[in-house]
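Each remark here refers to the structure printed beneath this line.
A short reminder: the numbers here are calculations on the coordinates, not readings from a lab. Keep in mind that what you see is a predicted model, and the values were worked out from it rather than measured. Backbone-built Cβ (ideal geometry, glycine too); neighbour counts: all protein chains shown.
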Amino acid sequence: MTAEGTSTDVLVIGAGQAGLSSAYHLSRSPLRHLVLDAEPAPGGAWQHRWPSLVMGTVNGIRELPGTTPPHADPAEQARIAVPRWFADYERQFDLRVERPVRVLRVEHDGDGLAATTDGGTVRARALINATGTWTRPYVPFVPGAAEFAGRQLHTHDYRGPGEFVGKRVVVIGGGISAVQLLLEIAPVAAAHTWVTRRPPEWREGPFDEAAGRAAVAMVEERVRLGLPPRSVVSVTGLPVTDITRAGIDAGILVARPMFTRIVPDGVMLPDGSFVAADILLWCTGFRPALDHLAPLRLRGPGGGIVMDGTAVAADPRIHLVGYGPSASTIGANRAGRAAVRDLTRWLAHPEDRAANHQQVRPEDRRSRPATDLAVG
C-alpha cells in the first residue's frame with residue numbers, strides 16, 4: 001500500500017498494456033516513478049474476460065516493449081494466458097506494481113499533483129493515466145429501457161452461453177465482441193436477433209501488425225479532423241474468418257437495424273415490427289475510466305479532452321495512454337513510449353517545453369473542436 005506522504009516524479013495509474021509499457025520506459029529513464037493498480041493481480045482487464053474467449057479467437061495481441069508475446073495454446077482461455085504473460089513481464093523487467101491500490105481522486109497540489117488512494121496520498125510532479133475502459137461499460141439510452149421485463153446484460157457481464165439456453169436474445173452492437181458472443185449464444189438460444197446502428201462492414205485478409213498500425217493511424221486521423229475517436233474495429237471492419245463466414249452462411253450473422261424503442265417483452269424495429277426478447281445483450285463498448293480525474297477539470301464543455309499527442313493540452317504534466325487513438329495494444333505501446341519521452345523532457349526543462357507548447361485556455365476549448373477528443 002502507498003504510505004501517507006509518498007512522493008515521486010511520475011505516478012502511473014493502471015497496469016494493463018498501456019501502464020506496463022509506460023512503466024518499462026520509465027524504468028529506463030532518470031525519472032522516479034510509482035505504478036499503482038486497482039486489480040488484485042497482474043493482467044489488467046484481461047483477467048475479467050469471459051471464459052469462452054480463447055487465444056485462438058483474440059483479436060490483435062501485440063508485444064510489450066522489450067519482448068514478444070509468448071506462444072499460447074489457441075484453446076487456452078485468454079483470461080488465463082494474458083495475465084500470466086503480464087505477470088511474467090513484470091518479473092522479467094522488475095516492474096514494481098503496487099496493488100491493489102485504488103486511486104480515488106487526483107487534484108492540483110501547488111506545482112504538482114496529489115493522488116488520494118485507499119492506502120494514502122501520493123504526490124507527483126506528473127501523471128500517466130492508464131486506467132482503460134473495462135470498468136465503464138456503456139449502454140446507450142433507448143426509450144422504454146426501464147420498462148423491459150427481461151434481463152439486460154453487457155459484454156462486461158457475460159460469462160458464457162449457459163444463461164441464454166432456451167431464451168429469446170437480442171444482441172446489440174457492431175463490433176467483434178457482438179459477433180463472438182452471438183456465435184456462442186445462437187446454438188442454445190430459442191431465438192436470436194442481431195441489431196446494429198450501421199450495417200456491418202466485413203474485412204477480408206489477415207489482421208497483421210501492419211494492418212493494426214494502419215488502423216491506429218486512421219483513428220488518429222479522425223481526431224485530427226475533429227471527429228470523435230472510434231474503436232479500431234470501426235475503421236478496419238469485422239474480420240472474415242472461417243468461423244464468421246460459416247455464421248453468415250448459416251443466417252446467424254445477419255444484422256437488422258437498431259431498434260427504436262424497448263417494450264416490456266421485446267423491442268420495436270424502425271419499420272414498426274416487433275421482436276420478442278427475454279434478454280438484451282448490449283455489446284456497445286466502454287467509456288474511458290476517468291472519474292478520478294474529475295477534480296482536475298480536464299474536460300471541455302462538450303465532454304471531451306483537448307489532447308496534444310498523449311498529453312492533455314491544457315496541462316502537459318498529465319498524459320492519457322490507452323485513450324482515444326491509443327486504445328489498442330499497438331497504440332498503447334506507442335503511447336507509453338511517447339508519454340515517457342515527453343515527460344522526461346518536460347520535467348528536465350520545463351521552460352523549453354513551455355516555450356514550444358501552445359497553451360489552451362478554457363474558452364479556446366469551445367473554438368477548437370478539431371483537436372477535441374470526445375470521450376467515448
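Details
- Ranked by the mean number of other Cβ atoms within 10 Å per residue, highest first, peptides 44-55, 98-109 order as 44-55, 98-109.
- Here's the picture: a label point sits 7 Å out from the Cα of Arg151 along the beta-carbon direction, and within segment 264-286 the residues with their amide nitrogen under 14 Å of it are 278-282.
- Distance between modelled label sites at His71 and Ala348, nm, 7 Å Cα→Cβ extension: 4.1 nm
- Taking one quarter of the surface of the C-alpha convex hull of segment 64-171 gives a mean projected area of 12.0 nm².
- Residue-count net charge about Ala15 - beta-carbon cut-off 14 Å; Lys, Arg +1, Asp, Glu -1: -2
- Zone of Asp118's modelled label, taken as backbone nitrogen in segment 152-195 under 20 Å from a point 7 Å along Cα→Cβ: 157
- Highest-first arrangement of 147-154, 189-196, where packing means the average Cβ count within 10 Å: 189-196, 147-154
- In terms of its Cα atoms, segment 101-143 spans 46, 22, 17 Å along the principal axes, sorted from long to short.
- Rounded to the nearest whole Hz, the Karplus-based 3J(HN,Hα) values (6.51 cos²θ - 1.76 cosθ + 1.60, θ = phi - 60°) of segment 102-107 follow the sequence 9, 8, 8, 6, 10, 10, with x at glycine and proline.
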